[in-house]
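**Student:** Have a look at this one.
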Amino acid sequence: MSLIMKTTSCLLLLILAITCTVTGRDRQYRKFLDQHYKYGMRTRDCNKKMNVTNELYNANKCKPLNSIITKPNWREIKAVCDGAGRSFHMAGIRNLRESLHRFEVVTCEYTGESGKAPCKYEGTKEWRYIVIACNEKKLPVHYQFDHN
Ligand SMILES: *[C@@H]1O[C@H](CO)[C@@H](O)[C@H](O)[C@H]1NC(C)=O
């Protein structure tokens, strides 16, 4: 193999590796937004929203509880990983951040018994502090809990 060919294939591999790492991290972030963010969502939208979440991420079973941030917006959530949050310590879980201000959160609670589809939910809405996990790119990747 010529030197140019070797260099080219190395370069291609490098680009591929970087692309994979970046999209892997962003996939976690997209999954977080899919499950835990819907701007302006109402409590009566829980059934519709959880239908999609359970089908995409929960193998069609009914997740017992899910929190969805509905205000102010995704930029404010992202900022919790940076200046709008502080580190939060909890045994065994790394990179947790607690928000410095409250978010409007809709909590969807499963009301059935079988745990099987079609899943029915009851929703409540409140302004709460959120605790989330962030990755090394300062993107939210996990919703831990929220509190008053
Ligand atoms: C989603 O809604 C469809 C249509 O009502 C229903 O057949 C399906 O079982 C639901 N899936 C879940 C996971 O609730």
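**Student:** Under a Cβ-only charge scheme (Lys and Arg +1, Asp and Glu -1), can you give me the dipole magnitude of segment 51-148 about the Cα centre, in debye to the nearest 20?
**Tutor:** Roughly 240 debye, rounded to the nearest 20.
**Student:** Kindly state, to the nearest 0.05, the FRET efficiency for Trp127 paired with Ser2, given R0 = 41 Å and r defined as their beta-carbon distance.
**Tutor:** Values: r = 64 Å, r/R0 = 1.56.
Computed FRET efficiency for Trp127 and Ser2 comes out at 0.05.
**Student:** Shifting gears a bit: Counting other beta carbons within 10 Å of each Cβ, put His36, His147 in order, fewest first. Before the final figure, lay out each step's value.
**Tutor:** On the way: His36 19, His147 9.
In order of increasing Cβ crowding within 10 Å: His147, His36.
**Student:** Where both residues lie in the chain, what percent of DSSP beta bridges are antiparallel, nearest 5?
**Tutor:** Values: 28 of 29 bridges.
Around 95 percent of the beta bridges assigned by DSSP in the chain are antiparallel ones.
**Student:** Among the aspartates and glutamates, which fall within straight-line cross-link reach of Lys48, defined as a Cα-Cα distance under 12 Å, with same-chain neighbours fewer than 8 residues apart omitted?
**Tutor:** The qualifying aspartates and glutamates are Glu122.
**Student:** May I ask for the angle, rounded to the nearest 10°, between helix 46-57 and the longest principal axis of the chain, with both axes built from Cα atoms and the value confined to 0 to 90°?
**Tutor:** With rounding to tens, the tilt is 30 degrees.
**Student:** Scattering from the C-alpha atoms of the chain alone, worked out with Debye: what is log10 I(q)/I(0) at q = 0.14, 0.15, 0.18 1/Å?
**Tutor:** Log10 I(q)/I(0), no solvent term: -0.72, -0.79, -1.03.
**Student:** Output the 0 to 90 degree angle, nearest 10, between the alpha-carbon long axis of helix 3-36 and the longest principal axis computed from the alpha carbons of the chain.
**Tutor:** 0 degrees
**Student:** Would you mind ranking Phe88, Phe32 by Cβ crowding within 10 Å, fewest neighbours first? Please list the in-between numbers first.
**Tutor:** On the way: Phe88 17, Phe32 22.
Ascending Cβ contact count within 10 Å gives the list Phe88, Phe32.
**Student:** While we're looking at this one, here's another question. Over 25 Å between Cα atoms: which of Lys78/Lys116; Lys71/Lys138; Lys31/Lys71; Lys116/Lys138; Lys38/Lys137 fall into that group? Mind dumping the intermediate values first?
**Tutor:** Values: Lys78/Lys116 33 Å; Lys71/Lys138 20 Å; Lys31/Lys71 18 Å; Lys116/Lys138 35 Å; Lys38/Lys137 22 Å.
The pairs that break the limit, which is 25 Å between Cα atoms, are Lys78/Lys116; Lys116/Lys138.
**Student:** Summing +1 for each Lys or Arg and -1 for each Asp or Glu, what net charge is found among the other residues whose Cβ lies under 12 Å from the Cβ of Thr124? Display every interim value, and only then the final one.
**Tutor:** Working: positive: Arg42, Arg44, Lys125, Arg128; negative: Glu104, Glu109, Glu122, Glu126, Asp146.
So the environment of Thr124 carries a net charge of -1.
**Student:** Summing Lys, Arg as +1 and Asp, Glu as -1, what charge do residues with Cβ under 14 Å from the Cβ of Met50 carry, Met50 excluded? Before the final figure, lay out each step's value.
**Tutor:** Details: positive: Lys38, Arg42, Arg44, Lys48, Lys49, Lys61, Lys63, Lys116, Lys120; negative: Asp34, Asp45, Glu55, Glu109, Glu122.
Within the 14 Å Cβ shell, the charges total +4.
**Student:** Using a Gaussian network model of the chain whose springs link C-alpha atoms within less than 10 Å, name the residue from Leu100, Leu13, Leu56 with the highest mean-square fluctuation.
**Tutor:** Result for the chain, Cα springs under 10 Å: Leu13 fluctuates most.
We did not get these values from a lab; they are worked out from the coordinates using the rules stated. All of these numbers come straight from a predicted model, not from anything done at the bench. Neighbour counts are summed over all protein chains in view; Cβ atoms, including those assigned to glycine, are modelled from backbone coordinates with ideal geometry.
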